[in-house]
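Here's the structure we're looking at; comments come further down.
The values are calculated or read from the model by the stated rules, or taken from the named source; none is laboratory data. Fair warning: this is a prediction, and the values are worked out from it, not measured in the lab. No Cβ is skipped: glycine too gets one built from the backbone with ideal geometry, and neighbour counts run over all protein chains shown. The area values use the complete protein model at the heavy-atom level, side chains included, leaving out ligands, DNA and RNA. Shrake-Rupley method; radii C 1.70, N 1.55, O 1.52, S 1.80 Å.
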Amino acid sequence: MASDTVFSAINELAAHRAVSGMRPTGALHLGHYFGVLKNWVAMQEEMETFFFVADWHALTSEYENARGIGEFVPELVKDWLVAGLDPERSVIFQQSKVKEHAELHLILSMVTPVSWLERCPTYKEQLQQLQGKDLGTYGFLGYPVLMSSDIIIYRPRWVPVGQDQVPHLEMSREIARRFNHLYGDFFPEPEARLTPQAKCPGLDGRKMSKSYHNTIQLREGMDSIEPKIRGMLTDTARLRRSDPGNPDVCNLFPYHELLTDKATQEDIRSGCATAALGCVDCKKILLKGLADFLAPLHERRAALDQKPERVFEVLQAGTEKARKEARKTMDGVRELIGF
Ligand code: TRP
């Protein structure tokens, strides 16, 4: 086959494939669900999907707590299954179990200019934010190279991620392009696929994040969620029950946009603006919505808790499938570079 035929065959394959990963850094919350996971769950119906636990990436900044990362891997996979990832449809695995990611990372590191990495906005930001840690390491600087390897080793078209990962995707495309330029067209250029959804802010209106203590976790029961919702600030200018309110400045309303049907949302909007609906009742509607949303997730978790070996079986089967694909790619890479 001529190389452009090979390339178009690869692109054909890529159009139906998506790859993404998450670092095992803590229990998943609604921000993760509505920002990323919901998209993953939808995409597994549409195409071939590969989802992995990015344990090596967690190590780039948490290397002092390596053991903790390892221990959390099965917990993260459990959260994924609870959220609706289906191991019959998606290849679910652990990054560090597919050593080919490391081999490709090494080769990509040879062709990636250090200046690209130093200029990466997420790199500069993290160096500033995580000042208690020494992030002046080779591995941390190379974070986007490892991420590029994770992605292009499966030659996908799509990478479903949150907005914060877009600069990394840009870099992955540049690295793929550089490889193709040097050794011959081989890797399709991956594209970010953002969740087509309204935002899920934290309970206080800031970004939902463990470090802000403003989350609702997927594993959380309604007894713990209820007081959190009752304590949320709404429109702070609405002092009395008889005052009209404005949903657009309310911390609660974004949750209705995610969890409440369109018609009820409209009723809430007009009820709030005319003072027909009070915040206490508005919160009751939301609590019902949250309970309905979380019920099937809690059921799936209870079922998984009955079968602790299930998560490991899923990872084992996924790792084998991922490895097979990664090996195929690496055979091609070695041939192209002539090793
Ligand atoms: N950097 C991603 C994050 O923090 C995790 C990640 C690692 C990833 N490798 C990836 C995401 C490959 C998508 C594709 O969320």
message = Please compute the per residue accessible area over the range 16-83 with all protein chains in place, 1.4 Å probe, rounded to a whole number of Å².
response = 34 Å²
ask   = Angle, helix 262-273 long axis vs. longest principal axis of the chain, Cα atoms, 0 to 90°, nearest 10?
value = 50 degrees
message = What is the angle, in °, between the Cα long axis of helix 279-306 and the longest principal axis of the Cα atoms in the chain? Nearest 10 is fine, range 0 to 90.
response = 40 degrees
query = Using the per-residue mean of other Cβ atoms lying within 10 Å as a proxy for protection, in what order, highest first, do the peptides 269-282, 176-189 fall?
reply = 176-189, 269-282
task = Positive end of the charge dipole of the chain (Lys, Arg +1 and Asp, Glu -1 on Cβ, about the Cα centre): tell me which of PRO308, TYR183, GLY68 has its Cα farthest that way.
result = GLY68
request  = Of the options PRO144, VAL82, ILE107, report the single residue whose Cα projects farthest towards the positive end of the charge dipole of the chain (beta-carbon charges: Lys, Arg +1; Asp, Glu -1).
outcome  = VAL82
query = Considering only protein heavy atoms, what per residue accessible area in square angstrom results for the range 179-286 with a 1.4 angstrom probe?
reply = 55 Å²
key: Peptide ranges 24-31, 85-92, 130-137 listed from the most packed, as the mean C-beta count within 10 angstrom indicates   = 24-31, 85-92, 130-137
inquiry  = Skipping prolines and chain starts, which residues have an amide H placed within reach, meaning under 5 Å, of the one on LYS207, given they are 5 or more residues away or on another chain?
reply    = GLY202
ask   = Per-residue HN-Hα couplings for the range 161-178, Karplus 6.51 cos²θ - 1.76 cosθ + 1.60 at θ = phi - 60°, whole Hz, x for Gly and Pro?
value = 9, x, 3, 4, 9, 4, x, 5, 5, 4, 5, 4, 5, 5, 5, 4, 4, 5
key: Surface share of carbon and sulfur [accessible, 1.4 angstrom probe, percent] for the range 42-148   = 51 percent
inquiry  = Give me the dipole magnitude in Debye, nearest 20, for the chain about the Cα centre, with unit charges on the beta carbon: positive for Lys and Arg, negative for Asp and Glu.
reply    = 460 debye
Dipole of the range 243-301, positive direction: furthest Cα of PRO296, CYS279, GLY245, with charges on the beta-carbon = PRO296
message = Give me the net charge for the shell around GLY205: Cβ to Cβ below 13 angstrom, other residues only, Lys and Arg +1, Asp and Glu -1.
response = 0
key: Size of electric dipole in the range 23-161: Cβ of Lys, Arg +1 and of Asp, Glu -1, about Cα centre, debye, nearest 20   = 220 debye
key: Under the Karplus curve 6.51 cos²θ - 1.76 cosθ + 1.60, θ = phi - 60°, whole-Hz ³J(HN,Hα) for the range 212-228, x wherever Gly or Pro sits   = 8, 6, 10, 9, 10, 7, 5, 8, 6, x, 5, 5, 8, 6, 3, x, 5
inquiry  = For the chain, compute Rg over Rh where Rg is the Cα radius of gyration and Rh is the Kirkwood radius from the inverse mean 1/r over Cα pairs.
reply    = 1.02
request  = Would you give the gap between the C-alpha center of the range 295-319 and the C-alpha center of the range 101-172, rounded to a whole Å?
outcome  = 31 Å
message = For a test of the definition: using alpha carbon positions, the gyration tensor, and the 1.5 limit on a/c, classify the range 121-218 as rounded, prolate or oblate.
response = oblate
task = Provide the net charge surrounding GLY35, with neighbours chosen by a C-beta distance below 10 Å and charges set as Lys +1, Arg +1, Asp -1, Glu -1.
result = +2
note = In debye to the nearest 20, the charge dipole size for the range 223-339, taken about the Cα centre with +1 at each Lys and Arg Cβ and -1 at each Asp and Glu Cβ, equals 220 debye
Shape category assigned to the range 158-209 from the gyration tensor of Cα positions, a/c cut at 1.5 = prolate
note = Nearest 10, in degrees from 0 to 90: the angle of helix 100-111 to the longest Cα principal axis of the chain is 70 degrees
